[in-house]
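Peer 1: Provided herewith is a single structure, encoded as structure tokens, for subsequent inquiry.
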Amino acid sequence: MMARHDWGTHYLGWAFYKNEPWHFPLGKVMGYNYPVGTNVGFTDSIPLLAIFFKLLAPVLSNDFQYFGIWLFSCHLLAAYFTVLLLRLFKVNAVVILVAAIFIAANPVLIHRGMHPALCAQWMLIACIYFYFLDPTLYTGKILRYQFVVLMLSALINPYLCLMVAGFTFAIPIKLCFIDKTIPKKRFLVYLVGSLVCAAFLWYITGMISFGRKEDLGVGGAYGLYTMNLNSLYNAGGWSTLTHSYDWVSWHQYEGFMYLGAGILLLVLLLIIYSIFVFIDRRRKTEKYPAKKGIGKKSLIPLLALVLLYAIFSITLVISFNSKVILRLPAPAIFIHLEEVFRACGRFFWMPYYLIILFTIIAISKSRIPPLITTSLMIVALGIQLYDIKLLLTYRHLPSGTYTPPMDNKNWIDVMRSFDEIIFFPAFQPPNIRPMDYQDFSYLALKAGKPVNLAYVARGDSRAARQFSDSLNRMVENDSLSPKALYITNAANLEHFALALQSGSARLNMLDSCYFIYATASSNKTLNDLSARLNAPDKTAMDSLMRKIQIKREFFESPQIPPSKEKSIRYWIESLNFGKNVLSMNGWAFIDTTQNNKGDSIFITLTNREKSYWIQTRQVQRPDLAAAFSRTYLGDAGYNFIAFTDSLKPGVYQLGMVIKNAQGRMVYNPTLSRDESAPVNYIKK
């Protein structure tokens, strides 16, 4: 079954992967995000299970998915390693059971149910357990166990892999330099070998590539998805007992670390008890008997790791409630790593689990009578479960086969007539409802066809841009592929104008959006089906076709002399000089403006004799104001498509005119991206 939102894309990544032939790298998926493709890891579909179950694909049902099994296993394994760890510290059986429930139902793990791959937090508890195993008895096993967990994490999720990799450093450092149970040579061989093997797994599954690839960092992500200093006690609306506090922005949900009222109570009791013991020791002349346990030196690598992950999760942009209270200068390499792992708030998970586990261990091993500590634990667990009952109960998922709220049968019948399903603009659904990319992708999956829709964690934006530009030229130049079904909405129909006007393409309507195909690919069955689907909207379709027949053209206008200085700042995201058609989109604003509210953008074609203009359509760009430190640049986006039939043959320089809200006009010719030459349009 497919559920919407994040689970939907996890399922779609797996389902397309299951139905495809094997590729190399092993995690490669071509039919989803077609034709660029993606990786089953970049849809968070858990490559470890996806590869295993793909081997069994011939015997699996069409709708098989493994996410329920996986989530159950994650909670079970979290409890299992909690039991092992607390047994190591000789905690009594009742407290162990209480601790296992605390961990299996902790707020962070429950909250992360929306991302099944990230629920493998049991690996962090396993690493903590390995860290505290007796090195004199288990040295070889400790290293083997840690190696296995690192390899598993590499096949589950990159974030968890990096967290586990921290222990792959810390554990052998402890064994070599503090416990002195392994020689330095073995330390180096183990460390290098572990990292090389993890990188090799990423390579063969396609999570990394050593060829020409783009930077995986996301510019501007630094300091965005961080952990707020209030996170340990801020329930974010999920508590029935505690208050919620503000974040700097909604992005800080990635740093959700609410401990729960029960654990917060235990932490408070432990602090009070520790203060009492400290004062009592200072007051009494006799010393407390020394307790056998973990040496302080052996904790140094673990504490260093805690500090490292805490800094990485908070970053050097330190926030408390709704304010950034301190912004420290950060090295470029730190910023780059933060932009690669931009949801950096997650990296506090390891310290988070240490707080819960060692609060329970410390109280249970205190000098308070066991009956009292055990009773306290049980009461705290009851408070905890009551406090987070919203988290435990809010998800109500339907069962059975998913059915998109659309005309499923007819969509599938139409899609089956083609080799590929292409949405225009590229990679954008028609937006007939929120997240409709999942519905259309699901229908394409059922039709057994590749589709250029997806939501992926990382993508090859260079290849996507090349395909998008190619698709724009193909559509606008009346060169539709007879093998493709094109789907779009009313706002983008004008790009198909030339094909529809020439009769080389047929326009059809279904579920409030439009599907178009080349008449060369049509057959009687498809045409009959299309006619039947169009019949209820015949009047609207006829009216629409009459509008499409009206060509949007440049109009002649007096020439405006160019400004002496570069007065317009602009970016051309796509530009198509087709046969008697020109299209363009991007952003532009007067460089001296702080607020471009109400500004209009025109595109000009100019030679020595004539100047032609056309007004663009406005596209909202709320991102530009922050990027350029301006008050408002929301009206800077533009796009247009126009016919050039009325232009006389010749060479025309492309230019821009911006008319501000007060009527002032600024003109600049456009230059190539390296500003070495003007952009010219040749009318033959």
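Peer 1: Per residue of region 590-595, what does 6.51 cos²θ - 1.76 cosθ + 1.60 with θ = phi - 60° give for ³J(HN,Hα)? Whole Hz please, x for Gly and Pro, Karplus curve as stated.
Peer 2: With coefficients 6.51, -1.76 and 1.60, one gets 5, 4, 8, 7, 9, 9 Hz.
Peer 1: Now for a different question. For the chain, what is the largest minus smallest coordinate of the Cα atoms on each principal axis, given in angstrom and ordered from greatest to least?
Peer 2: Largest to smallest, the principal-axis extents are 103, 63, 53 Å.
Peer 1: Report the rotationally averaged projected area of region 591-645 based on its alpha-carbon convex hull, in square nanometres.
Peer 2: For the Cα atoms of region 591-645, the hull's average projected area reads 4.8 nm².
Peer 1: Determine, for Ser676, Ser239, Ser249, Ser45, the number of other Cβ atoms within 10 Å of each Cβ, and report the residues in order from fewest to most.
Peer 2: The order, fewest Cβ neighbours first, is Ser676, Ser249, Ser239, Ser45.
Peer 1: How much length is gained on full extension from Gln549 to Asn527, taking 0.36 nm per residue of separation minus their Cα-Cα distance?
Peer 2: Numbers: separation 22, 0.36 × 22 = 7.92 nm, distance 2.16 nm.
Gain on stretching Gln549 to Asn527: 5.8 nm.
Peer 1: Lysines within cross-link reach of Lys18: Cα-Cα under 18 Å, excluding same-chain residues under 8 positions apart?
Peer 2: Qualifying lysines at Cα under 18 Å: Lys28, Lys54, Lys446, Lys449.
Peer 1: If I fit a long axis through the Cα atoms of helix 261-283 and take the longest principal axis of the Cα atoms of the chain, what angle between them do I get, 0 to 90°, rounded to 10?
Peer 2: Approximately 40 degrees, to the nearest 10.
Peer 1: Next up: For region 547-620, calculate the relative contact order in percent as a whole number, restricting contacts to Cα pairs under 8 Å that are 6 or more residues apart.
Peer 2: 32 percent
Peer 1: Quick one: plug the Kirkwood hydrodynamic radius of region 91-142 (C-alpha pairs) into Stokes-Einstein at 25 °C, 0.890 mPa s, and report D in µm²/s.
Peer 2: 190 µm²/s
Peer 1: At 222 nm, what helix-only mean residue ellipticity would the chain give, in deg cm²/dmol to the nearest 500, using -39500 (n - 2.57) for each DSSP H run of four or more?
Peer 2: Computed ellipticity for the chain at 222 nm equals -13000 deg cm²/dmol.
Peer 1: Can you tell me which aspartates and glutamates have their Cα less than 17 Å from the Cα of Lys174? Leave out same-chain residues fewer than eight positions away.
Peer 2: In chain and number order, the partners are Asp134.
Peer 1: Rank by packing, highest mean first: peptides 364-371, 632-639, with packing defined as the count of other Cβ atoms within 10 Å averaged across residues.
Peer 2: Ranking the peptides 364-371, 632-639 by packing returns 632-639, 364-371.
Peer 1: What is the pair-distance distribution P(r) of region 68-393, computed from all Cα-Cα distances in 20 Å bins starting at 0, with each bin given as a whole percent?
Peer 2: Calculated over all Cα pairs of region 68-393, the distribution is 29, 59, 12, 0 percent.
Peer 1: Here is a further query. Can you give the Rg/Rh ratio of region 1-139, where Rg is from the C-alpha atoms and Rh is the Kirkwood radius?
Peer 2: 1.09
Peer 1: Which residues does a label at Leu390 reach in region 238-257, if reach means a backbone N under 11 Å from a point 7 Å past the Cα toward the Cβ?
Peer 2: What the label zone holds, given the 11 Å backbone N cut-off, is 238-245.
Peer 1: By per-residue mean of other Cβ atoms within 10 Å, what is the highest-first order of 457-469, 101-113?
Peer 2: The densest-packed peptide leads the list: 101-113, 457-469.
Peer 1: On a 0 to 90 degree scale, rounded to 10, what angle separates helix 184-205 from the longest Cα axis of the chain?
Peer 2: In the chain, helix 184-205 runs at an angle near 30 degrees to the longest axis.
Peer 1: Any idea what diffusion coefficient region 555-683 gets from Stokes-Einstein, in µm²/s, Kirkwood Rh on alpha carbon pairs, 10 °C, 1.306 mPa s? Don't skip to the end; give the middle numbers.
Peer 2: Values: Rh = 14.9 Å.
It comes out at roughly 106 µm²/s.
Peer 1: Tell me, what is the percent relative contact order of the chain, built from C-alpha pairs under 8 Å that lie six or more residues apart?
Peer 2: 11 percent
Peer 1: Right, next: With a 4.7 Å Cβ cut-off, tell me which Cys residues in the chain come up empty for a partner.
Peer 2: If one checks each Cβ against the other cysteines of the chain, Cys127, Cys161, Cys176, Cys197, Cys344, Cys513 turn up with nothing under 4.7 Å.
Peer 1: Report, ordered by chain and residue number, the lysines lying within cross-link reach of Lys579, taken as a straight Cα distance under 23 Å and ignoring same-chain residues fewer than 8 apart.
Peer 2: Cα-Cα hits under 23 Å: Lys483, Lys547, Lys551, Lys610, Lys648, Lys683, Lys684.
Peer 1: Over all pairs of distinct alpha carbons, what does the Kirkwood formula give as the hydrodynamic radius of region 23-64, in Å?
Peer 2: Values: mean 1/r = 0.0915 Å⁻¹.
After inverting the pairwise mean of 1/r, the radius is 10.9 Å.
Peer 1: Among 543-553, 143-153, what's the highest-first ranking by average C-beta atoms within 10 angstrom per residue?
Peer 2: Working: 543-553: 12.8, 143-153: 18.6.
My ranking of the peptides, most packed first, is 143-153, 543-553.
Peer 1: Right, here's the next one. Let me have the relative contact order for region 546-684, percent, based on Cα pairs under 8 Å that are six or more residues apart.
Peer 2: Taking the mean separation of contacting Cα pairs over the length of region 546-684, I get 28 percent.
Peer 1: If one takes the longest principal axis of the Cα atoms in the chain, at what angle in degrees, from 0 to 90 and to the nearest 10, does the Cα axis of helix 67-88 lie?
Peer 2: Its long axis makes an angle of about 20 degrees.
Only the coordinates and a few stated rules stand behind these numbers; no lab work does. Quick caveat: nothing in here was measured; it's all calculated off a predicted structure. Here the Cβ is made from the backbone with ideal geometry for all residues, glycine too, and neighbour counts use every protein chain on show.
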